[in-house]
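Presented below is the structure to which this report refers.
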Amino acid sequence: MNYEPVIGLEVHAQLLTRTKCFCACSTEFGASPNSNTCPVCLGLPGALPVLNREVVRLAVRAALALGCHINRISQFARKNYFYPDLPKGYQISQYDKPISEHGAIAIKVNGTAKRVGITRLHIEEDAGKSLHDGFPDSSEKSYIDLNRSGVPLVEIVSEPDLRSTTEAYAYLSKLKAILETTEVCNCDMEKGNLRCDANVSVRPAGSSEFGTRTELKNLNSFRFLQRAMEYEILRQVEILESGGHIVQETRLWNADEGKSYSMRSKEEAHDYRYFPEPDLLPLVVEDAFVEETLKTMPELPDAKKDRLIEQYGIPEGDADWLASSRTFSEFFEETVRICKKPRPALNWLKGELTAALNNTSLGLQESKISPAHIAELVGLIEGGVISGKMGKVVFEEMFATGKFPRKIVEEKNLVQISDVTALEKIAREVAASSPENVAKYRGGRTGNLAWFVGQVMKATKGQANPQLVNEVVKKVLEEN
């Protein structure tokens, strides 16, 4: 029997605020354990929460960017469960009255467009963090860091509209681009600023009934997410094919082993005993607040993609790549503003620059390269001062030191040789040293031209103008 996967995603995005959701403690990452805490986020008796206005502004901005309806009145609720890193014994979240709902994201997979519905986007506070390794006696003890307790999140719940891991990957990529572009979240998954749980089920192809779903947790990268979902789909199909039944449960993904393990039975809403948060009034979002937030909304990825194609004449795939990252798109546009060469600038960004950043595990803003560096490099190549091959040598030095290309060219004497007389002399010397190859070329084996060109380039240490070398070598070989 053929089976169809049904996937829904729950994404937790940390909001870019300086302070926590209900207190004035810092949201700084990497501080000493339990240093960014106070009676409110420690859950001490008598401490009362006070809602951070910036949390509401960023949540509304994210909801508007995702096409959600903003509920003018929403309600915070207590989500009750026990865990060592949840000091209050409950999490302040939203349940039946979220701040927004009924949105959508448009994705494209293999050239086919699809609309993925968003059930809701709501505000909640984060829990703390349990540490089980990296400490003395860690095999016997766990440690609790409550710095993250009370950090503001938005949870974005999709409809079960995804039918493949490829679609899920495209949805997450688009969501990440929107959150980064709107400066709602920096989406650093290594720091836990963007986390995703996947609800996965399978059903016979063509069926309209949903199968029993399982929830996958502990997914801290898009790659792990895709692998985990593929594993879970195959696991469920094998169980059904053998006559078994799927158990509704939460499973933890082990990336090292490439498999998931049962963690607990899947909770339903009633298990959390939701009830309205008695220490917080209903949240009222006025029309003026929504309109003010709309006015400050930056250009969203889809609109930016269309503009990049029209303004710079670049292919759709490249425009999609740029529009997915606000940092890269702004870098590209500033580079083109200086050098006026969109395609060469884009090629350096997608090629050498991206590869260098990946190899060094640096972000674009952490590197020593600026738009002015790339623009100057493009100008030197387009102006014939250096060749593209020499440009790669210059780029390596530029990336490592932060020096500008022109200075590197001067220091290393990398100026391209474009003197026809000098190149003809070298070409004749090469021809004289290999009369048998000259004879082969003149006998009709014109493919030998590449060998001669290579020898001239070698003799000039790669500094000769390649196009000019081709012309000169051809002239020398064809003369009497």
What are the residues in region 225-268 that are within 22 Å of residue 10 (Cβ to Cβ) and either among the small types (Gly, Ala, Ser) or in a loop (DSSP other than H, G, I, E, B) (or both), if any? 228, 246, 247, 248, 255, 260, 262, 265, 266, 267, 268
Residues in region 411-426: is at least one over 15 Å from residue 384 (Cβ atoms), outside any helix (DSSP H, G or I), of a type outside the set (Val, Ile, Thr) and at pLDDT 75 or above? yes
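Provide a single number: the residues in region 279-295 that are free of Cβ contacts under 8 Å to residues at least 40 places away in the same chain and part of a loop (DSSP other than H, G, I, E, B).
Within region 279-295, residues that are free of Cβ contacts under 8 Å to residues at least 40 places away in the same chain and part of a loop (DSSP other than H, G, I, E, B) number 1.
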Going through region 94-119 one residue at a time, which ones are under 29 Å from residue 80 (Cα atoms) and buried (at least 22 other Cβ atoms within 10 Å of the Cβ)? 94, 98, 99, 100, 103, 118
Take residue 77 and tell me if it is on the phi < 0 side of the Ramachandran plot, of a type outside the set (S, T, N, Q), assigned by TED's automatic domain parsing to the domain that holds residue 220 and surrounded by 15 or more Cβ atoms within 10 Å (Cβ to Cβ). yes
Qualifying positions in region 222-256 - modelled with pLDDT under 95, within 27 Å of the chain's Cα centre (by Cα) and among the β-branched types (Val, Ile, Thr): 250
Give just the number: which of (1) at pLDDT 95 or above; (2) surrounded by fewer than 17 Cβ atoms within 10 Å (Cβ to Cβ); (3) touching a Leu at 6+ places or on another chain (Cβ under 8 Å) does residue 280 not satisfy? (2)
Is it true that residue 271 is modelled with pLDDT of 95 or more and exposed (fewer than 15 other Cβ atoms within 10 Å of the Cβ)? no
State yes or no: is residue 128 in contact with a Lys or Arg (Cβ under 7 Å, 6 or more places away or on another chain) and within 30 Å of residue 365 (Cα to Cα)? yes
Name the pairs: first residue in region 178-201 and closer than 15 Å to residue 222 by Cβ, second residue β-branched (Val, Ile, Thr), Cβ to Cβ under 6 Å, at least 6 apart or on different chains? 196/11
Kindly indicate which of 96, 85 is acidic (Asp, Glu), closer than 22 Å to residue 42 by Cβ and either in the same structural domain as residue 153 (by TED's automatic domain parsing) or in a strand (DSSP E or B) (or both). 85
Does region 53-62 contain any residue that is assigned by TED's automatic domain parsing to the domain that holds residue 175 and more than 27 Å from the chain's Cα centre (by Cα)? yes
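The values are calculated or read from the model by the stated rules, or taken from the named source; none is laboratory data. The structure displayed is predicted, hence computed values, not measured ones. Note that we place each Cβ from the backbone using ideal geometry, even for glycine, and neighbour counts take in every protein chain shown.
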